[in-house]
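Have a look at the structure below, then the notes.
The values are calculated or read from the model by the stated rules, or taken from the named source; none is laboratory data. Everything numeric in this text was worked out from a predicted model, so none of it was measured. A quick note on method: Cβ atoms are made from the backbone with ideal geometry, for glycine too, and the neighbour counts reach across all protein chains shown. Note: areas computed on protein heavy atoms with side chains; ligands, DNA, RNA excluded. Shrake-Rupley method; radii C 1.70, N 1.55, O 1.52, S 1.80 Å.
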Amino acid sequence: MRDLWHFHFYGKVPLALVKGRERTYFEHFWNDFAADSKHSVPEADRRIYAKAYAQPGGMRAGFEYFKAFSQDANDFDQFSKTKLSMPLLVLTGEKASGTFLIEQARLVATDVRGQIVPSSGHWLMEEAPETVIPAIIDFLP
């Protein structure tokens, strides 16, 4: 799938391609995974993230997160044999995955409370704090 290439982007060559260009690499995600690229991760946060990931080992650690997804899928398959009984809140961006994550959660939990955040992409807290924060507060006991 076109939007999943980064799940397989790790190792020496990707590290060499991104070295010194961490900000450029992340701009793709910050802009293209947002509902509106001009209303995504704030500039101050972008500088902090780019600087942190530019430190020695930063990008390698970030890439390892995605490298582990295959093992995560196997682990989750085993874990899902016993469904979670506690309430589970799933907030998802209308312009990101839509109902997909809510449906996925229902495979592993019996009390799923799903909400699609309108006009939002992947960066829910940055794109729609006025919807996300009240949803979390209402969910918490």
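Odds and ends about this structure:
- Matching residues in the stretch 85-105 - criterion: being open to solvent by 50 Å² or more (accessible area, probe 1.4 Å) and either within 13 Å of A35 (Cα to Cα) or in a loop (DSSP other than H, G, I, E, B) (or both): S85, M86, P87, E94, K95, A96, T99
- Qualifying residue in the stretch 63-81 (condition: assigned to a helix (DSSP H, G or I), modelled with pLDDT of 95 or more and within 30 Å of P118 (Cα to Cα)): no
- Looking across the stretch 106-132, the residues that are of a type in the set (A, V, I, L, M, F, W, C), in a helix (DSSP H, G or I) and surrounded by 15 or more Cβ atoms within 10 Å (Cβ to Cβ) come down to L124, V132.
- Residue match in the stretch 43-56 (condition: aliphatic (A, V, I, L, M), open to solvent by less than 70 Å² (accessible area, probe 1.4 Å), free of Cβ contacts under 8 Å to residues at least 12 places away in the same chain and more than 18 Å from S120 (Cβ to Cβ)): yes
- If you go through the stretch 82-117 and pick out every residue that is at pLDDT 95 or above and touching a helix residue (DSSP H, G or I) at 6+ places or on another chain (Cβ under 8 Å), you end up with 13.
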